[in-house]
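The values are calculated or read from the model by the stated rules, or taken from the named source; none is laboratory data. From a predicted model like this one, the values you see are computed outputs, not experimental measurements. Virtual Cβ from ideal backbone geometry, glycine too; neighbours counted across all protein chains shown. Accessible surface is based on the protein model in full, side chains and every heavy atom, while ligands, DNA and RNA are left aside. Shrake-Rupley method; radii C 1.70, N 1.55, O 1.52, S 1.80 Å.
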Amino acid sequence: SDYIGARGLVSGLPNVKWLLGDRGYDADWFREALQNNKIRPCTPGRRQRKTPVKYDKRRYKRRNRIEIMFGRLKDWRRVATRYDRCPQTFFSAIAATVIFWL
């Protein structure tokens, strides 16, 4: 999980109300650091946690929109950087991406 790398980024977080994260970001020190910055964590607790953590389940369910957005950016990265050397393969990737988005 990335919560170890998040330690260096906590001080530079923007002024937001919520931070959506998956179970990998469930650490007591990380939750305390967010609350010190007046950010409410919306992260479910790990399964090994002895005491359950409260979080907004409805807000957490909408986290998949972020995952979908990153998936779409990766699709366009292939076209923008032109991974395919053969013109037929490149144009077929463009056509497949456009058809997928329609």
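Counting only protein heavy atoms and a 1.4 Å probe, the chain has 81 square angstrom of accessible area per residue.
Calculate what fraction, in whole %, of the accessible area of the chain sits on carbon and sulfur atoms when a 1.4 Å probe is rolled over the protein chains. Summing carbon and sulfur atoms, their accessible area is 55 percent of the total for the chain.
Peptides 26-34, 66-74 ranked from most to least packed, by the mean per-residue count of other Cβ atoms within 10 Å: 26-34, 66-74. Each Lys and Arg adds +1 at its Cβ and each Asp and Glu adds -1 at its Cβ; summed about the Cα centre, the chain shows a dipole of about 440 debye. Give the shape of the chain as rounded, prolate or oblate, defined through the alpha-carbon gyration tensor: a ≥ b ≥ c are the square roots of its eigenvalues, a/c under 1.5 means rounded, and otherwise the shape is prolate if a/b is larger than b/c and oblate if not. Verdict is prolate for the chain.
Between V10 and S92, residue separation times 0.36 nm minus the direct Cα-Cα distance comes to 25.3 nm.
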